[in-house]
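Have a look at the structure below before the remarks.
The values are calculated or read from the model by the stated rules, or taken from the named source; none is laboratory data. If you're wondering where the values come from, they're calculated on a predicted model, not measured in any experiment. Backbone-built Cβ (ideal geometry, glycine too); neighbour counts: all protein chains shown.
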Amino acid sequence: MKKLGLVLLLLVTTPVLADEIPLDPFSGLKMTGDWQIVLGNCIACHSAKLITQQRGTREQWLQMIRWMQKKQNLWQFTPEIEDKILTYLAEHYPPREDQRRAAIPRDLMPPNPYAPPTQEPDDAG
Ligand code: HEC
C-alpha cells in the first residue's frame, strides 16, 4: 500500500493543469512526448524550473539554445535531437497570451541608447 500512498500524495500535490499532462515530480517537466530527452540534456547546469517558467516560440527556444551553446558551454546536439527538443519545448512551453515575450539574450540586443556616455574619442574623424 506504500505505492498507493505515493500516488495519492502526487495527485494531491501536483497542481491541476488545464491540459492535464502529468508533471514529473522530480523536474516539473510535462511528461509527454520527448520530455526525457529534455530531461537528459537540459538540467545538468540548472534547475528545470528555468525551463518550465520560460515560454517561447520554436525560434525563441532555438535562440536560447544557441546562446547557451555560445556562452554557457552547452554542447551541440545532432539535428534529430535538437528537433525533438525544440518540438517539445515549443509545443508545451509556448508563448503565453498574458505574458511578456521570452527574454532576448543580451548579446542580441542593440546598445542601450540611454546608457551614460562612455569615453568620447576626441580625435574621431
Ligand atoms: C552546459 C550547461 C547548460 C545546459 C546543459 C543547459 N543550459 Fe540552460 N542555461 C545555462 C546557463 C549558465 C544559463 C544562465 C543561468 C542564469 O542566468 O542563472 C542558462 C539559462 C537558461 C534559460 C533562461 C534563459 C533566460 O533568458 O532567462 C533557459 C530557459 C534555459 N537555460 C533552458 C535550457 C534548455 C531548454 C536546455 C536544454 C536544451 C538547457 N538550458 C541546457 C547553461 C546550460
- Note on the structure: The helices (runs of 4 or more DSSP H) lying wholly within region 43-125 that contain at least 2 residues that are among the hydroxyl-bearing types (Ser, Thr, Tyr) and modelled with pLDDT of 95 or more are 79-92
- Complete set of residues in region 19-42 that are in a helix (DSSP H, G or I) and more than 13 Å from the chain's Cα centre (by Cα): GLN36, ILE37, GLY40
- Message: Tally up the residues in region 50-81 that are more than 8 Å from the ligand (Cβ to nearest atom), surrounded by 13 or more Cβ atoms within 10 Å (Cβ to Cβ), over 19 Å from ILE21 (Cβ atoms) and not hydroxyl-bearing (Ser, Thr, Tyr), please.
- Response: 6
- Item | Filtered residue count, region 66-110, keeping only those that are under 17 Å from GLN36 (Cα atoms) and among the aliphatic types (A, V, I, L, M) | 5
- Message: I'd like to check something: does region 86-93 contain any residue that is within 8 Å of the ligand (Cβ to nearest atom), touching a Lys or Arg at 6+ places or on another chain (Cβ under 9 Å) and not aromatic (Phe, Trp, Tyr)?
- Response: yes
- Filter region 30-49 for residues that are in contact (Cβ under 8 Å) with a residue 24 or more places away in the chain and near the ligand (Cβ under 8 Å from one of its atoms); the one that is surrounded by the fewest Cβ atoms within 10 Å (Cβ to Cβ) is CYS45
- Task: Can you run down the residue pairs with Cβ atoms below 7 Å, 6 or more apart or on separate chains, where the first is in region 58-74 and on the phi < 0 side of the Ramachandran plot and hydrophobic (A, V, I, L, M, F, W, C) and the partner is at pLDDT below 95 and within 9 Å of the ligand (Cβ to nearest atom)?
- Result: TRP67/PRO105
